[in-house]
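Notes follow the structure.
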Amino acid sequence: MKTIELEVFADEIINEKFICLGCLFVPSNKKKVLVSDLINHRCLFEKSKKWVWNHSDCPFSKECKEQWHNNNKCEIHHTEIRKARSSNSQIKIAKRWLNYLIEHNRNNKELIFINILYIDLEMLEINNFGTENYHNNIYNKFFRTVMHYGITTFFSEFEKVIIKKVYHDKGSQEFHEYFPELNLMKLNESISGKCIIEDTNINFLESDHNIHIKLKKNSYIEAHLIQYIDLIIGTVTQNIFYLSDDSLKKEIAMILRPLIEKMLKEPHNRFSEYGYYKKQKISFFPKFKLEDSKNLLFNLEGNLMEVFKKDQFYSERELKMPYYDVKQSKLNSWVA
């Protein structure tokens, strides 16, 4: 039986108009390679291509200043990427991580599988959900949808998919009545023929790897993958919804823009040079306004994809962020 083992890393963006859910699916036997690549991209010293956590262990320690090295230990968090406050290390590492995704797809590697779903709260008529915890209630239900699609689509060639663990950035979902424990149990029941979720407790994790390193915990590895999905969904969201006019955010967003444009216009193009087919997916829900959101919340005990018509999920959408010419912007700034 053809089997694959996975670990899942999740994060979200909650806005007054939408909820974004993002899941990064990582094959367990390739996790070490992916994390090693991301961590090595922390080394910004040109002569070296391998990162070490202690400056004294670096073979170029006499040439590379310890302060530079320590700066490169920074957490990568999309909300912190701003022209006025981002360090040189944050900027360069974020750019490297995003370019790594582009290179990953073009080289047809199979390390990074991502499903991103945007829930349009205005189309859901969220007032029908009441005022208490409605964001978390909606998130709780649609999280299974994102997981289900990723498992059954990205890994359809496998007869058995084993989810070893699901990690989630720390947030309000940790304290939801059902999300931490019951969510994955219900998903396990709905796709038991195809998938087994070994640990049905969602593991909430601090995204800052430095916290884990200080405590001498190996979970700094998983923290890097939480940072990675955070950076990716933040960059995708900036392109689609144009939440910030910050020049650095726009510059960072342009790295993934060609990939995002192709994913939205040609989601099923298996021959695309950007190599996202059955690796990464961006979708939106619902396409048409729902008349009764209470029925939505009530009926989502099962598989969302089976409850609603497929035409309620869609991918084609215009990007609100205008094209940003990085070189021209820098030239204008210099002339001014």
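Computed from the coordinates by the stated procedures, all read-outs in this text should not be read as laboratory data. Predicted model only: the values in this text are computed from it and were never measured. Heads up, the Cβs are rebuilt from the backbone with ideal geometry, glycines too, and the neighbour counts pull from every protein chain shown.
Does Lys2 fit the bill of being closer than 28 Å to Ile196 by Cα, free of Cβ contacts under 8 Å to residues at least 24 places away in the same chain and among the basic types (Lys, Arg)? Taking the combined requirement at face value, the residue does not satisfy it. Can you spot a residue in the range 112-133 that is more than 30 Å from Gln173 (Cβ to Cβ) and loosely packed, with under 14 Cβ neighbours inside 10 Å? Within the range 112-133 (the criterion being more than 30 Å from Gln173 (Cβ to Cβ) and loosely packed, with under 14 Cβ neighbours inside 10 Å), the answer is no, since none of the residues qualifies. Looking only at residues that are under 14 Å from Leu248 (Cα atoms) and free of Cβ contacts under 8 Å to residues at least 60 places away in the same chain in the range 89-107, which one is surrounded by the most Cβ atoms within 10 Å (Cβ to Cβ)? It comes out as Ile93.
What are the pairs, 6+ residues apart or on separate chains, where a residue within the range 48-61 that is within 15 Å of Asn210 (Cβ to Cβ) and touching a residue at least 12 places away in the same chain (Cβ under 8 Å) has its Cβ under 8 Å from a residue that is charged (D, E, K, R) and assigned to a loop (DSSP other than H, G, I, E, B)? Going by the 8 Å Cβ cut-off, the qualifying pairs are Trp51/Arg42; Trp53/Lys73.
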